[in-house]
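Take a look at the structure set out below.
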Amino acid sequence: MNPLDRDVFFLPFRRVLRKRFGNAYGTQLWQEAGMDYAATVKSRPSLKKHKGAMILPAVSLYRVLEKHGEAAEEILNAYGKSMGKIFARAVYGITSIPGVPSLIWNNVETIGDRMSSEKLGYRRELVSEPPYLYGINILSCPYHELAKELGCEAASRCICSMDKEYMKGFRGIRYERTTAVSEGAPYCDYRLRKEERK
């Protein structure tokens, strides 16, 4: 069985491949990526417990697409963006509930700590604290570090593409990010601003 068939985040990518390349070739690419993934994990079982393990399917998909001369980065980034838009709609729905944006803002530092802590493999620095702006610079990210270690740094950009989209779904909080470590910058600049009611 293809181990990618069990990956909740990347499973819809199988449809993307079939739609773009046709059923036979798309299925072939998916199967090859699954074999690459299985071989990678078999050769280094500790990778499954790596804090950046979510990126492993993207690395395998990237490798296979690149091997066949396909536009790996473009295809994966577009997928990340489309998944981000799906998550953004969910976030928008949740933050449409009265009181939820204020609840999130009042706990933004705690949420930030839980989403990008050193325990999760991040290195970061606090730039600005609420009440009006919460800013952190992510100096290193486990997804990017693992992709880079595996010689496939660009594969991590699909997660960045998702991230940039889903964060736009918050109501009452404006998200800004202009740089990314995966794009060669020294840090990812996350800025969250409380939006006052007009």
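No lab work stands behind these numbers, since they all come straight from the coordinates. No experiment lies behind these values; they were computed from the predicted model shown. Methodologically, a virtual Cβ is constructed for each residue, glycine included, from the backbone with ideal geometry; neighbour enumeration extends over all protein chains shown.
Calculate the all-directions average of the projected area of the chain's alpha-carbon convex hull, and give it in nm².
12.0
What distance in nm separates the simple spin-label points at Tyr92 and Asp189, each placed 7 Å from Cα in the Cβ direction?
Calculated label separation equals 2.7 nm.
Collect residues whose amide H, placed 1.01 Å from N in the peptide plane, falls under 5 Å from the amide H of Ala185; neighbours closer than 5 in sequence don't count.
Ala180
As a test of the formula, what do you get for the chain when each DSSP H run with n ≥ 4 contributes -39,500 (n - 2.57) and the sum is divided by the residue count, at 222 nm and rounded to the nearest 500 deg cm²/dmol?
Calculated from helices alone, the mean residue ellipticity at 222 nm is -15500 deg cm²/dmol.
Hey, how many Å between the Cα centroid of the range 1-42 and the Cα centroid of the range 137-198?
Spelled out, the Cα-based centre of one part sits 25 Å from the other.
Which whole-number percent is the relative contact order of the range 103-198 (Cα, under 8 Å, 6+ apart)?
About 26 percent, as a whole number.
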